[in-house]
1. Sort through 126, 168 and tell me the only one that's over 22 Å from residue 196 (Cβ atoms), of a type outside the set (Asp, Glu) and open to solvent by less than 70 Å² (accessible area, probe 1.4 Å).
2. Any residue in the stretch 49-67 that is touching a Phe, Trp or Tyr at 6+ places or on another chain (Cβ under 8 Å), assigned to a strand (DSSP E or B), open to solvent by less than 30 Å² (accessible area, probe 1.4 Å) and without any contact (Cβ under 8 Å) to a residue 24 or more places away in the chain?
3. Among residues belonging to the stretch 68-90 that are assigned to a loop (DSSP other than H, G, I, E, B), touching a strand residue (DSSP E or B) at 6+ places or on another chain (Cβ under 8 Å) and open to solvent by 20 Å² or more (accessible area, probe 1.4 Å), point out the one that is modelled with the lowest pLDDT.
4. Quick check on the stretch 220-255: of everything there that is polar (S, T, N, Q) and in a loop (DSSP other than H, G, I, E, B), which residue is nearest to residue 282 (Cα to Cα)?
5. State yes or no: is residue 10 crowded, with 17+ Cβ neighbours inside 10 Å, at pLDDT below 95 and part of a strand (DSSP E or B)?
6. Out of all the residues in the stretch 16-44, which are in contact with a Leu (Cβ under 9 Å, 6 or more places away or on another chain) and open to solvent by 40 Å² or more (accessible area, probe 1.4 Å)?
7. For residue 102, which of the numbered conditions (1) under 11 Å from the mean Cα position of the chain (by Cα); (2) in a strand (DSSP E or B) fails to hold?
8. Kindly establish whether residue 136 is outside any strand (DSSP E or B) and under 14 Å from residue 118 (Cα atoms).
Amino acid sequence: MKKISDKNFGGERPLFAIHDTRLERVTITEGESGIKCCRNIEADNCRFIGKYPWWHVDGSVITNCFFEVGSRSAIWYSNDMLMKDTVIDAPKFFREMNRLELENVQLNDADETFWRVNGLKVRNVTLHDGTYPFMFCENVFVDGLVSDSKYVFQYCKNVEIHHAKITTKDSFWECENVTVYDSELDGEYVGWHSKNLRFVRCHITGEQPFCYVEGLVLEDCTFGEDCDRMFEDSDVQADIIGSVTNIKNPRTGRIVCDSVGSFTIDENVRQPANCQIIERNKMNL
């Protein structure tokens, strides 16, 4: 593998179509498309300043690098990438990709990041600010995620998440086949209009969680006091630890919890309107 060390490259497409190359302590300065249409590239301790520095690259390893604010939309249309121990200050990263793996990565402006990535693995990643990360992603595995970005995980399929702390609203909308383990979700309107959602040992806070869901399963989850109007028009199988504040018009299924503060079951409940709501320490309702 060819090695390039301690160099600066600027302008347009300075490293166009390179392959089988390792970059060490290289800086991509002002300009556009520093690394484009490349193959088998490694970058270690590099700095990226200019726009669109990493497009159409197949087979890459990025370690201990820094992407400055000006490197927006940096990594698109690139397959088979591993990124580790890296800090990203720019938005709109990781678009239209296959087989992307991140470990110990911090994204300080996660606006419109991770769009249409198929085969995404995330370990110990932090997302800050921005909107709509993970839009249209498929086949996602997460173990260790801290995020305060808005509207995370929308229109996603086949997602497995462990040990996440997500502060947001409108998360997991229009999703299909999602399982979340041992995580915290703080924000309004979790899981609306989705299919086959499963949450295991999670704590959920925020208004109106899990409405209009088909195939919702909750196992040993807990809910904050602000979770009201839960499960409206949903098909739900829930075994909840502790009490819930309010349940509104679940469509079908079975909900078990210690107690319910109040119910809203009215003429607007949709058929089959046969959901069982069971309070462990009281009579069945």
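The values are calculated or read from the model by the stated rules, or taken from the named source; none is laboratory data. Treat the numbers as computed from the prediction; the structure is a model and nothing was measured. We place every Cβ from the backbone using ideal geometry, glycine too, and count neighbours over all the protein chains shown. Please note that ligands, DNA and RNA were not included when accessible areas were found on the heavy atoms of the full protein model with its side chains. Shrake-Rupley method; radii C 1.70, N 1.55, O 1.52, S 1.80 Å.
1. Going through 126, 168 in turn, just one is over 22 Å from residue 196 (Cβ atoms), of a type outside the set (Asp, Glu) and open to solvent by less than 70 Å² (accessible area, probe 1.4 Å): 126.
2. Yes, that holds for at least one residue.
3. For the stretch 68-90, the residue satisfying everything is 72.
4. 249
5. In short, no.
6. Listed by number, the list holds a single entry, 42.
7. Exception for residue 102: condition (1).
8. Judged against the criteria, residue 136 is a match.
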